[in-house]
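Comments concern the structure below.
No lab work stands behind these numbers, since they all come straight from the coordinates. It should be emphasised that the depicted structure is a prediction, and the values quoted were computed from it without experimental measurement. Backbone-built Cβ (ideal geometry, glycine too); neighbour counts: all protein chains shown.
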Amino acid sequence: MTERLSAREMVALLADDFREIPYPERQSKPDGPLAWQGYDASRARAAERTGEQESVVCGAARVEGTRAVLIAFEFGFLGGSLGERTGDRLEAAYTYAREHRLPVVPLVATGGSRMQEGMLALTQLQCVARQSALTRAAGLPQIAVLRDPTTGGGWATLGAGADVVLALAGAQVGFAGSRVRPADADPAAYTAEAQVAAGAADAVVRPRELRETLGRWLRLLARPSGGSGDLPADGRTPDAAPAPVPAPLGATDLPATGWDAVRRARSPERPRARAYLDAYFTHRAAVSGDRCGGTDPGMLCGFGEHGGRTVAYAAQTGTATRPAGYRTATRLIRLADRLGIPVLTLVDTPGAANDAEAERQGVGAAIADLFTAVASARTPITSLLIGEGGSGGALALAAPGRTYATPDSYFSVIAPELAAAILKRAPREVEPTADQLRIRPQDLVELGVITPPGESG
């Protein structure tokens, strides 16, 4: 379990110049809307103990120089539960963020909806969801920090619904709180670490590293503002220039034959995605997980700084791409498109995973959704083929009209070995088949599949 800081201690840990947002006044009935005996007394004790009048404190502040709206939960006030007044404050915070073009940072620590207000408390989740959706439609990023504990509707809206989800190490995180889980439930499943492993959160962060990490994320996702900290009115970049094409890091001469192209692309000595990302970005921050229960280490996704601009990236690492990898890339591209951030994709896979588990996890639907995300993106996507381009599993990540290739790569409708097998050719015919497929970079340029070096596409 991580240390439980109060709402204002959390704000002080992360931000400077914090100023609370004015809250609307609500006339309440004695003991609340349900006339729950003792509710007013409970609220009074909570107020005396914490110094707060509600379970959230909302205000605008600077985090490492970037302005944002912070929503800090006070767990000491009735377990950080959500009631009608909590909903009023949350709505005011989101409205302020949209009016001032600021990102939203929920610092969540809650046990769920307030029982003493019944269904009127539970329906606050619908209000929160609407405010989050309006903020998303306005092109403003939401970065959640999961504290201890983050459970119930607060996790299912403010937490899991954010664009980027950071979780404090050791925090209890899960939809079911500790008192309502099955008796035989594994407690390890309800942790920050488990949520990251399951693809529901992006990273586990230690408290002493949180300020720097959150500041980096805010700078990256608010960078379209041109550095002022306020995002433009339509949520998109003033200049939608594509991401520059990375320079090749491996071979510089073109392959002589199709099989030569295959051997180069499959060579363990060839530079892989991490090397390209390290060379391209000054710094970067990763997103992880498909939000459907899966992760794929073979698909690296996130945002980084290149030439003073934020660029999103989705990069295959040379392995067969899993359904979770395609879904994570889709999530990344749609977020970048909504925020007006250009995208770089690095294509390098022998193809989509084709085992039985991949089929059960919906690999076909995941690839289809990625094709749709790339095809419908308004933000420019630049793609570089850096190794193997295996069939549709690779093509799904490639931008039509803006795909380039390094000299140690190939793109093929099917692997030469499989093509020879389907055509009932002898093993010795694999290499000639590779030539027939015309898979070399120079062949792909001639066919119009790959954009020639130096052209904008």
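A few comments on the model shown:
- Values of log10 I(q)/I(0) for segment 339-392 across q = 0.16, 0.19 Å⁻¹ run -0.60, -0.80, by the Debye formula with one identical scatterer at each alpha carbon and no solvent.
- Förster-model FRET efficiency, 45 Å R0, ARG206 and GLU429, C-beta, rounded to 0.05: 0.20
- Computed over segment 267-331, the P(r) curve from all C-alpha pair distances, binned at 10 Å from the origin, holds 22, 48, 27, 3 percent per bin.
- Spherically averaged projected area in nm², based on the convex hull that wraps the Cα atoms of segment 92-141: 3.7
- Calculated from the alpha-carbon coordinates, segment 258-447 shows an Rg and a Dmax of 16.4, 54 Å respectively.
- Stretched out straight at 0.36 nm per residue, the stretch from ALA375 to MET119 would grow longer than its current Cα-Cα span by 87.9 nm.
- Förster radius 60 Å - calculated FRET efficiency between GLN442 and LEU13, Cβ distance, rounded to 0.05: 0.60
- Estimated FRET transfer efficiency when R0 is 56 angstrom, pair ASP40-HIS283 (beta carbons, to 0.05): 0.65
- For GluC sites (Glu not before Pro), the sites in segment 374-457 that DSSP calls loop and that have at most 15 other Cβ atoms within 10 Å are GLU455.
- Where Rh is the Kirkwood radius over Cα pairs, Rg/Rh for the chain: 1.06
- Fraction of beta bridges assigned by DSSP in segment 7-225 that are antiparallel (%, nearest 5): 40
- If the segment from ARG266 to ILE422 were pulled out straight at 0.36 nm per residue, it would be longer than the present Cα-Cα gap by 54.0 nm.
- Helices in the chain that qualify as membrane-span-like (whole DSSP H runs, Cα extent of at least 15 Å along the helix axis, mean Kyte-Doolittle hydropathy of 1.6 or higher) are 363-376.
- Within segment 50-84, chymotrypsin sites (Phe, Trp or Tyr not before Pro) in DSSP loop having at most 11 other beta-carbon neighbours inside 10 Å: none
- The distance from the alpha carbon centre of segment 295-338 to that of segment 8-30 is 35 Å, rounded to a whole number.
- A Cβ-based charge dipole, computed about the Cα centre of the chain with Lys and Arg at +1 and Asp and Glu at -1, lands at about 320 debye.
- Annotation: the antiparallel percentage among DSSP beta bridges lying fully within the chain is about 40.
- Sparsely packed loop sites in segment 310-416 (the trypsin sites (Lys or Arg not before Pro) outside DSSP H, G, I, E and B with at most 15 other Cβ atoms within 10 Å) comprise ARG378.
- With one equal scatterer per alpha carbon and no solvent term, the Debye-computed log10 I(q)/I(0) for segment 350-457 at 0.20 1/Å reads -1.09.
- Placing dummy labels 7 Å off each Cα toward the beta-carbon, the span from ASP253 to GLU359 is 4.5 nm.
- On full extension, the segment bounded by THR95 and GLN53 gains 13.1 nm, given 0.36 nm per residue less the C-alpha separation.
- Shape metrics for segment 7-225, restricted to C-alpha atoms - Rg then Dmax, Å: 16.6, 51
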